[in-house]
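**Student:** Structure incoming, see below.
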Amino acid sequence: MSFRKGSRRHGLAGNVFFVAMLVMGLSAAYLGNVFGGLFACYMVTTAWLAARRRGGETSVLDWAALVFALAFGVLTLTRGIEVAQTPTGSLKGVPAGMFFFLGSIALLAAAGDVRMVVRGGVVGTQRVARHLWRMCFGLFIATGSFLGQKRVFPLLGGPKIMLLAPLPLILMIFWLIRVRFKNAYKAKWMPRRDDAYSIRA
């Protein structure tokens, strides 16, 4: 996040982060955190694909990602309903609200996939925004899962360390606003073709 966007170091760091997140997500799914692990893999994979493509294009991977996000969202919301009806309202320490939260985000991501596939890809600001929010949300899942571990929590300082968990979401909001407003400002002050001709006249 500290490197200039589009630079060689940013791309290299992004590739390392992408591979690390895949290893983490698959490991988490194998160890039992299937929902969080697989969803983190989905988010960073689609974010990485968005960054790799310079023009509007799609592939079979985008269709597979769409099917996964849709199925994941429906299954997660269904599990959330089942967990909410249990006496404790949680499953292995995970409250039902978390299932509803992840399921809703998954369906939102699936809607974005549908929009991209129908349009034949994303370009410009939309491509950058897609890359940003998916990378940051994948990191949010990872940090939240790590800091939520009972063994790690007291070692890192207890409740205070949990303030770091929402940091990826805060950075995501910052960068999305910056990207959106920066491009909107440029578009607002860029002279239109008719205006350019009238100035010359």
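**Student:** So for the pair VAL123, ILE173, with labels modelled 7 Å out along Cα→Cβ, what separation do we get in nm?
**Tutor:** Roughly 3.3 nm, to one decimal.
**Student:** Treating only the Cβ atoms of Lys and Arg (+1) and Asp and Glu (-1) as charged, compute the dipole magnitude of the range 27-139 about its Cα centre; round to the nearest 20 debye.
**Tutor:** Values: 10 positive and 4 negative charges, 73 e Å.
Computed about the Cα centre, the dipole is about 360 debye.
**Student:** Further question on the same structure: Please state, as a whole number in µm²/s, the translational diffusion coefficient that the Stokes-Einstein equation yields for the range 1-140 at 20 °C and 1.002 mPa s, with Rh defined as the Kirkwood radius across alpha carbon pairs. Intermediate results must be reported in sequence, preceding the final value.
**Tutor:** Working: Rh = 15.8 Å.
The diffusion coefficient I find is 136 µm²/s.
**Student:** Moving to a separate point now. Compute the Rg/Rh shape ratio of the range 16-83: radius of gyration over Kirkwood radius, all on alpha-carbon atoms. Walk me through the numbers before you get to the answer.
**Tutor:** Numbers: Rg = 13.4 Å, Rh = 13.0 Å.
Radius of gyration relative to Kirkwood radius: 1.03.
**Student:** Give me the one-decimal nm value for the distance between modelled label points at VAL23 and ALA84, 7 Å along each residue's Cα-to-Cβ direction.
**Tutor:** The two pseudo-label positions are separated by 3.9 nm.
**Student:** Give me the distance in nm between label points sitting 7 Å out from Cα along the Cα-to-Cβ direction at ALA71 and PHE181, one decimal.
**Tutor:** Simple spin-label model gives 4.2 nm for this pair.
**Student:** Could you give the length gained by full extension between HIS10 and LYS92, i.e. 0.36 nm per residue of separation minus their alpha carbon distance, to one decimal place?
**Tutor:** Working: separation 82, 0.36 × 82 = 29.52 nm, distance 3.78 nm.
Answer, rounded to one decimal: 25.7 nm.
**Student:** Would you work out which of THR46, ALA29, GLY6 lies farthest towards the positive end of the dipole of the range 1-57? Charges go on Cβ: Lys and Arg +1, Asp and Glu -1.
**Tutor:** Projecting each Cα onto the dipole axis, the largest value belongs to GLY6.
Readers should treat all values here as calculations from the given coordinates under stated rules, not as data from a laboratory. The structure presented is a predicted model; accordingly, all values stated were derived computationally and were not measured. A quick note on method: Cβ atoms are made from the backbone with ideal geometry, for glycine too, and the neighbour counts reach across all protein chains shown.
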